[in-house]
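Visitor: Pasting a structure here, questions to come.
The values are calculated or read from the model by the stated rules, or taken from the named source; none is laboratory data. What you see is a predicted model, and the numbers here were worked out from it, not measured in a lab. All Cβ positions, glycine included, derive from the backbone under ideal geometry; neighbour counts span all protein chains shown. These accessible areas exclude ligands, DNA and RNA; they are computed on the full protein's heavy atoms, side chains included. Shrake-Rupley method; radii C 1.70, N 1.55, O 1.52, S 1.80 Å.
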Amino acid sequence: MPFVEIDTNQYLYYEEYGQGIPIIFIHPPGMGNKVFYYQYDLSKHMRVIFPDLSGHGQSPKAAQTVSIPFYANEILRFMDALHLNKAIICGYSAGCLIAQELAIYHSDRIELLIFSGAYPIVRDMPGQLLHKIGLYMVREHLNILITSIARSHTRDKTLRRNLVNYMKKADQESWYQYYNHSLQYNCLDKLHRLTVPLLFMYGGKKDWTIRYMKEYQNKCKHAEFFIFTQQGHQLPTKKGIQFNELITGFVLNKSSL
């Protein structure tokens, strides 16, 4: 799979499968594109594109400190490099922050938005604690964090091993800053600017982000919501088949690309 030059001497690694409607998947801190392993199957219906953000997976680290706006701009330049005037964006967890930043300030480049475990701000104690633990673990106990994340995402030993190996490729500082800026990010007062068709997916009571669903329901009246009851935050891996079915139906019904 290729690297693409998105700026002078700045490259991103990405994987791409299928043809037709383009959908770009944005991963959370540390994980790289392998967290979307089960979404490869969507290539039967559309063009699926899985970039590694700078400092993650096989993409080299950026020359400057990363942030949510930085990564949003990176995805824009990535789209330019692939000659994509518009694309569907699917964010998972903190990847949703990047997707929201994109849609708020560059809605003309977004066809549809798909969110798994989205939040506009971290103002609840469990969410803040998770981020602060993540920040500490990245600095002090990275291998334990990697193993914990992999185990929380799948029972499949092969995929778990692949996730571990891929997370070990991440630049430690990029991982830390992605966590840090996710904790500080706030687009709560800009949710009314999410005007493109939206699909939100959440786990049930086990998903810490579901407490933010009401914020989106109040501000995004046109959005669609789906809750996986008795499921946690890790929907792309834990509920891959149903996750893909929801995406396929939403894209085929809503996209004009």
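Visitor: Amide H to amide H, which residues 5 or more places from residue 21 or on other chains are under 5 Å from it, using H placed in the peptide plane?
Guide: Excluding prolines and chain starts, which carry no amide H, the hits are 47.
Visitor: For residue 206, what residues show an amide H to amide H distance below 5 Å, using hydrogens built from the backbone and excluding near sequence neighbours?
Guide: Counting only residues 5 or more places away or on other chains, the set is 230, 231.
Visitor: At 222 nm, what helix-only mean residue ellipticity would the chain give, in deg cm²/dmol to the nearest 500, using -39500 (n - 2.57) for each DSSP H run of four or more?
Guide: -12500 deg cm²/dmol
Visitor: Using a 1.4 Å probe, what is the accessible area per residue for the chain, in Å²?
Guide: Value for the chain: 44 Å² per residue.
Visitor: Would you please give the FRET efficiency between residue 140 and residue 165, computed as 1/(1 + (r/R0)^6) with r the Cβ-Cβ distance and R0 = 30 Å, to the nearest 0.05?
Guide: So the FRET efficiency works out to roughly 0.90.
Visitor: With labels modelled as points extended 7 Å from the Cα through the Cβ direction, what inter-label distance (nm, one decimal) is found for residue 226 paired with residue 245?
Guide: 0.8 nm
Visitor: Work out from phi, with θ = phi - 60° and the Karplus expression 6.51 cos²θ - 1.76 cosθ + 1.60, the ³J(HN,Hα) of each residue of region 77-87, listed in order in whole Hz, and give x for Gly and Pro.
Guide: Those phi angles translate into 5, 5, 4, 4, 5, 8, 6, 9, 6, 9, 8 Hz.
Visitor: What lysines sit close enough to residue 221 to cross-link, taking a C-alpha to C-alpha distance under 20 Å and skipping anything fewer than 8 places away on the same chain?
Guide: Excluding near neighbours in sequence, the set is 190, 254.
Visitor: Can I ask one more? Apply the Karplus parameterisation 6.51 cos²θ - 1.76 cosθ + 1.60, with θ equal to phi minus 60°, to every residue of region 63-69 and state each ³J(HN,Hα) to the nearest whole Hz, in sequence, with x for glycine and proline.
Guide: 6, 10, 5, 7, 7, 5, x
Visitor: What are the equivalent ellipsoid semi-axes of the chain, built from the alpha-carbon gyration tensor (square roots of five times its eigenvalues), in whole angstrom, biggest first?
Guide: Each semi-axis is √(5λ); the values are 23, 22, 19 Å.
Visitor: Next question. Mind listing the phi-derived Karplus ³J(HN,Hα) values for region 45-51, rounded to whole Hz, using 6.51, -1.76 and 1.60 with θ = phi - 60°, and x for any glycine or proline?
Guide: Listing the rounded values in order: 10, 7, 8, 9, 10, 10, x Hz.
Visitor: I'd like to compare 36-46, 21-31: which one has the highest average count of other Cβ atoms within 10 Å, and what's the full order after that?
Guide: Going by the mean number of other Cβ atoms within 10 Å, highest first, we get 21-31, 36-46.
Visitor: Over the alpha carbons of region 9-129, what is the largest minus smallest coordinate on each principal axis, giving the biggest first in Å?
Guide: If we take the Cα atoms of region 9-129, the spans are 42, 32, 29 Å.
Visitor: Quick one: with all protein chains in place, what share of the accessible area of the chain is carbon or sulfur, to the nearest percent (1.4 Å probe)?
Guide: On the chain, the fraction of accessible area on carbon and sulfur atoms equals 48 percent.
Visitor: Round to the nearest 0.05 the FRET efficiency obtained for residue 158 and residue 125 when R0 = 30 Å and r is the Cβ-Cβ distance.
Guide: The computed FRET efficiency comes out at 0.25.
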